[in-house]
Amino acid sequence: MLASVDRRARAVREACGETPEVVRLVESTVDRLVSKWSQLAEPPFYWDDDEGLDDAEVDVGSLS
């Protein structure tokens, strides 16, 4: 995906010219896309090993 974004960004810069405004706009757009993509690709939180699992098991056990 990143290679595709890079190719498209390069095509936009070539078509519109390498002016500072175009370069800045393309870079900021690519940064936003990559940021959103990385948020979708990564889980919202992390547990080290089984940290937090015991608490979840206790909560589930108390429901039965």
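Just so you know, all these numbers are worked out from the coordinates, no wet-lab data involved. Being a predicted model, the structure only gives us computed values, none of them experimental. Cβ sites come from the backbone with ideal geometry, for glycine too, and all protein chains shown count toward neighbours.
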**Prompt:** Can you run phi through the Karplus equation (6.51, -1.76, 1.60; θ = phi - 60°) for region 13-28 and list ³J(HN,Hα) in whole Hz, with x for Gly and Pro?
**Reply:** 4, 5, 6, 9, x, 8, 6, x, 5, 5, 4, 4, 5, 5, 4, 5
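Could you please rank THR29, THR19, placing first whichever residue has the fewest other Cβ atoms within 10 Å of its Cβ? Display every interim value, and only then the final one.
Values: THR29 14, THR19 10.
Listed from fewest to most nearby Cβ atoms, that is THR19, THR29.
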